[in-house]
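Visitor: Structure in structure tokens, see below.
Computed from the coordinates by the stated procedures, all read-outs in this text should not be read as laboratory data. Fair warning: this is a prediction, and the values are worked out from it, not measured in the lab. Here the Cβ is made from the backbone with ideal geometry for all residues, glycine too, and neighbour counts use every protein chain on show.
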Amino acid sequence: MSAYNVSRQTRLAQALGVLEPEHQGLVPAVYPATTYLRDADNGYSRGRVYSRADNPTHEPVERLLASLDEGAAAMLFSSGMAAAVAVFQTLRPGARVVAPTVMYWALRNWLREFCEQWQLELELVDTSDLTEVQSALSRPTDIVWLEVPANPLWHLCDIAAISELARAAGARVVVDATVATPVLCRPLTWGADLVMHSATKYLNGHSDVVAGALVTRSADDWWQALLQQRKAGGAVLGPADASQLLRGMRTLQLRVQQASSSALYLAQALSQEPGVHEVLYPGLPDHPQHQLAVRLLPDGFGGMLSIRLAGGARHAIGTAARTRLWHRATSLGGVESLLEHRASIEGPGSPVPDDLLRLSVGIEEPAELLADLREAIAAAWENR
Ligand SMILES: *Cc1c(COP(=O)(O)O)cnc(C)c1O
């Protein structure tokens with residue numbers, strides 16, 4: 001049995017069995033050097049030159065990520081956005097991109113501007129509707145961007161069916177799997193070409209590192225172009241952050257399992273709550289894509305859900321103002337529970353209803369999280 005040939009949980013806990021080479025320390029070393037000594041004969045026989053190109057601190061983290069996502073290789077970036085941006089920067093004017101109407105808003109906004117600036121054709125479609133995707137892919141396309149589950153309404157998309165359609169249209173499929181994490185969903189095994197993660201969220205899990213990653217199915221020419229894009233563009237993760245990320249990842253399985261089971265408990269309980277008129281969570285049997293969710297996320301439906309408050313925007317904002325355990329903050333995937341009125345942060349033009357609160361469920365005692373939220377919902381209803 002090797003450290004590679006075991007369950008995801010064991011691979012995570014032991015970070016694939018990595019040791020620090022000089023002293024056999026159980027935690028790999030951090031390599032702060034930005035530059036390396038050139039040989040007397042003017043060569044670089046050890047292969048290291050400058051740490052914008054590569055840094056040995058990244059490598060155990062990248063190996064672990066590739067292993068978790070069942071990919072050929074992984075690459076760390078300075079943020080999730082940097083990882084996503086690198087993907088689109090490999091395109092040329094005239095290229096065509098299909099992306100979800102409802103997705104991580106900062107990326108959607110950036111993508112709109114970037115496509116306009118560089119004369120790329122962007123079509124936003126409801127990726128949960130296979131016929132819409134099919135008609136978008138009736139024309140040659142370069143990239144299909146997907147997100148599972150998609151922020152903040154938690155729609156799902158059929159990655160396997162879309163990957164087949166995409167192949168016929170000549171497109172590559174890239175999946176933002178930040179919310180699912182490799183613990184719950186491995187898009188490459190469903191036919192996607194590339195996975196993107198904001199490692200700022202669940203992978204690190206402690207709200208103290210900004211990082212991103214790409215994981216590829218094959219180390220092909222496109223992957224080489226992406227490596228070159230990171231090296232030249234310089235969106236590299238600092239070695240201290242890479243080391244801290246690896247520490248966070250060792251507990252990924254436990255954190256995701258807890259967040260996921262607490263989210264299901266909260267979704268079920270909040271469905272019965274008088275002040276809540278709708279709970280959006282793929283784990284609920286009345287979610288329109290529950291059957292797909294069971295196939296795509298067989299080990300849990302994730303730690304993210306949204307609720308729509310019966311008293312509208314004032315009720316939603318008033319609830320967020322009154323919680324004591326839930327912190328009002330953006331971001332997700334940390335050990336502490338967060339809630340956010342998404343329409344406020346996304347601004348005008350957002351497709352998110354203004355009565356919606358997005359909940360990122362942490363690893364606290366779930367009954368306490370529920371009680372805190374219930375009190376806040378009731379008090380905000382009284383004062384609406
Ligand atoms: C946060 C997030 C991103 C962006 O990642 P950063 O690390 O903040 O740059 C992209 N996609 C999703 C789904 C996210 O939640």
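Visitor: For region 149-187 and region 35-86, compute the distance between their C-alpha centroids and round to whole Å.
Guide: 26 Å
Visitor: Output needed for region 213-345: three equivalent-ellipsoid semi-axes, defined as square roots of 5 times the C-alpha gyration tensor eigenvalues, in descending order, whole Å. Spell out each step's value before the answer.
Guide: Working: eigenvalues 234, 79, 50 Å².
Gyration-tensor ellipsoid for region 213-345: 34, 20, 16 Å.
Visitor: OK, next. Using +1 at the Cβ of each Lys and Arg and -1 at the Cβ of each Asp and Glu in region 276-384, identify which of GLY349, TYR281, ALA378 lies farthest towards the dipole's positive end.
Guide: Positive-most Cα among the choices belongs to GLY349.
Visitor: Please report the antiparallel percentage of the DSSP beta bridges confined to region 107-207, to the nearest 5.
Guide: 10 percent
Visitor: Same structure again: Give me ASP142, ASP129 ranked fewest to most by other Cβ atoms within 10 Å of their Cβ, as a rough exposure proxy.
Guide: Ranked by crowding around the Cβ, least crowded first: ASP129, ASP142.
Visitor: Could you tell me what fraction of 2.2 N^0.38 Å the Cα radius of gyration of region 180-259 comes to, as a two-decimal ratio?
Guide: With N residues counted in region 180-259, Rg over 2.2 N^0.38 Å equals 1.18.
Visitor: Taking other Cβ within 10 Å of each residue's Cβ, how do LEU357, LEU68 sort, fewest first?
Guide: With the fewest neighbours first, LEU357, LEU68 line up as LEU68, LEU357.
Visitor: Right, next: Per the helix-only calculation at 222 nm, which mean residue ellipticity applies to the chain, given -39500 (n - 2.57) for every DSSP H run of n ≥ 4 and division by its residues, nearest 500 deg cm²/dmol?
Guide: -11000 deg cm²/dmol
Visitor: What ranking of TYR36, TYR104, TYR31, TYR202 emerges when the number of other C-beta atoms within 10 Å of each C-beta is taken as an exposure proxy, fewest first?
Guide: Lowest count first: TYR36, TYR31, TYR104, TYR202.
Visitor: Please give the peptides 155-162, 373-380 ranked by average Cβ packing (other Cβ atoms within 10 Å per residue), highest first, as a rough proxy for protection.
Guide: Per-residue Cβ counts within 10 Å, averaged per peptide and sorted highest first, yield 155-162, 373-380.
Visitor: Express as a percent, rounded to the nearest 5, the fraction of DSSP beta bridges in the chain (both residues included) that run antiparallel.
Guide: That works out to approximately 60 percent antiparallel.
Visitor: Write down the Å³ per residue value for the convex hull defined by the alpha carbon atoms of region 262-311.
Guide: Working: hull volume 3.2 nm³, N = 50.
Spelled out: Cα convex hull of region 262-311, divided by residues, is 64 Å³.
Visitor: Going by a ≥ b ≥ c, the root eigenvalues of the Cα gyration tensor, does region 1-94 fall in the rounded group (a/c under 1.5), the prolate group (a/b larger than b/c) or the oblate group?
Guide: oblate
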